[in-house]
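A short worksheet on the structure shown next.
FYI, it's all coordinate maths here, none of it is from the lab. Note that the structure is a prediction, hence the values are computed from the model and not measured. Every residue, glycine among them, receives a Cβ derived from its backbone with ideal geometry; neighbour counts consider all protein chains shown.
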Amino acid sequence: MMNRPRPFLSITPLSSLPVRRMWRRPLLAFFVMMAGVLAACSGGSSDACDGIIGPVRVLTPTPVSLTLNVGAIGQVTASLSGGCPSDDRTVQWTSSDVNVATVDNAGKVTATGGGSATLTATAFAGQARTTVAVTVRPRVATSIDARPDIDTLSPLGTRNLSVTVKDQDGAVLASAPAVWRSLTPSLATVSAAGIVSAVASGTATIEVATPGTGTDSLRDTVRILIVPACSLVRPAPFGTTIIGSIDASTCQNLFGYRVANQYSITASEQTYYSIRLVPAITLALVPLNISSGLYGLPGADTAVTALGVIRAGTFGFLVTANVQTPGTYTVSTTLNPDPRLTCATTDVTTGVSFQTALTPACVQRDIRILPAFSVGQQVRITATAPGFPVTIELRNATSGAVIQRATATTSGGVATIALTNTTARFGIVRVSGTGTVNDLVTVTVAL
């Protein structure tokens, strides 16, 4: 039998090979590699997490957009999610235009100028990135208000006007420019600072406006009634402070006194009040009833406080000066002070009933009655004190002479003065007794 030649290449079926021994090592290497990848994605070591397949990192901003006014401060944040526990999560911020907005790495945004800018946040060495759109609105003047709306002034007198400009959010624009002008220059002029100088009697109109033309300019006006000082009466509501002035317009011929201004006070019912005058030069406060004669000067002082009780109606007072030196003063009015807490003289109008007090430090009280008594007027004054027999004296306010005197016979009794006045004069009622601390006296002044 002949031998067959051996094939050059022999092929053995795969099924007949020893599989376990042939594939064991390559399979082991594959499984080890996959375990490393899974460990990286599931939070393994830093080296493994940053390995072949890197995890997704997302930077999320809050808010996604921001609108500010010029000069305002805002806040942005960005948080990094995903990644590995070992990631550096520090966020850094930059602005595309620092002339619109700046931002620091804490996310504090400062609006520096009108316009738009993009704030960019980066983390993880710049691999994570996000943006916030910023719009900065310029502060625009939307309202203008000149004060006071209406004022009075005497010829050659001056008055300081004020103006308030606000933006679209109602915030005051302290440095907003405003231009003053007089619409009636023959009656009054005005300086660039808003100081009005009266020229002649009449109703002057002063305008203030923001720069611009047409609808771009905001405007407001002040009306000033200019009348001679001797006939000028300005209202002084309770709870207000008024700034007045002594200047070349001061009236010089009212009962021989120089009168800076006359003021009126109005009450709807019997009212306690006080008026405090704080001048820059020596002045005196002179209470009077509107249309009545001058009462007379109390002692001049650098600060004068007068207490009063008025019935319902309109009354007034004068501010006078013994010199005509330019200067300013303030008048403050207060409602409902308690006249029992001071020994100061109290001014009262006829037709009121009120309480005062006598103490060891204040053994008598003087009450000035306004207005002056007229000839033939019936005057009736009563007083009663629960703790002692009270005494009252009606005196001539100018000479101090006693016109009539009355004493209650018992504690709680009534002392009564009643007379028909014989000459035009002002009167003072002096109340006295043996009072101790806060012994009340009820006084009634009737017509």
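The simple Förster model, with R0 at 45 Å and r as the Cβ-Cβ distance, assigns ALA303 and GLN168 a FRET efficiency of 0.55. Taking only alpha carbon atoms, segment 146-217 gives an Rg to Rh ratio of 1.01, where Rh is the Kirkwood radius. Charge tally around ALA446: other residues with Cβ under 15 Å, Lys/Arg +1 each, Asp/Glu -1 each, net +2.
Counting Lys and Arg as +1 and Asp and Glu as -1, what is the net charge of the other residues whose Cβ lies under 13 Å from the Cβ of LEU419? Can you show the working numbers first?
On the way: positive: ARG380, ARG395, ARG405, ARG425; negative: GLU393.
After counting each charged neighbour, the total is +3.
Taking every DSSP beta bridge that has both ends in segment 67-208, the antiparallel portion is near 90%. Label sites at THR328 and CYS362, each approximated as a point 7 angstrom past Cα along Cα to Cβ, lie 3.3 nm apart.
Each label point was placed 7 Å from the Cα along the Cα-to-Cβ direction; for THR314 and ALA106 their separation is 6.0 nm.
Please report the net charge: other residues with Cβ closer than 14 Å to the Cβ of PHE373, K and R +1, D and E -1.
Values: positive: ARG368, ARG380, ARG395, ARG425; negative: none.
Within the 14 Å Cβ shell, the charges total +4.
Placing a pseudo-label 7 Å from each Cα along the Cα-to-Cβ vector at VAL140 and ALA344 gives an inter-label distance of 5.2 nm.
So how much slack lies between ALA446 and ALA401, counting 0.36 nm per residue of separation and subtracting their Cα-Cα distance, in nm? Mind dumping the intermediate values first?
Working: separation 45, 0.36 × 45 = 16.20 nm, distance 2.10 nm.
Working it through step by step, the gained length comes to 14.1 nm.
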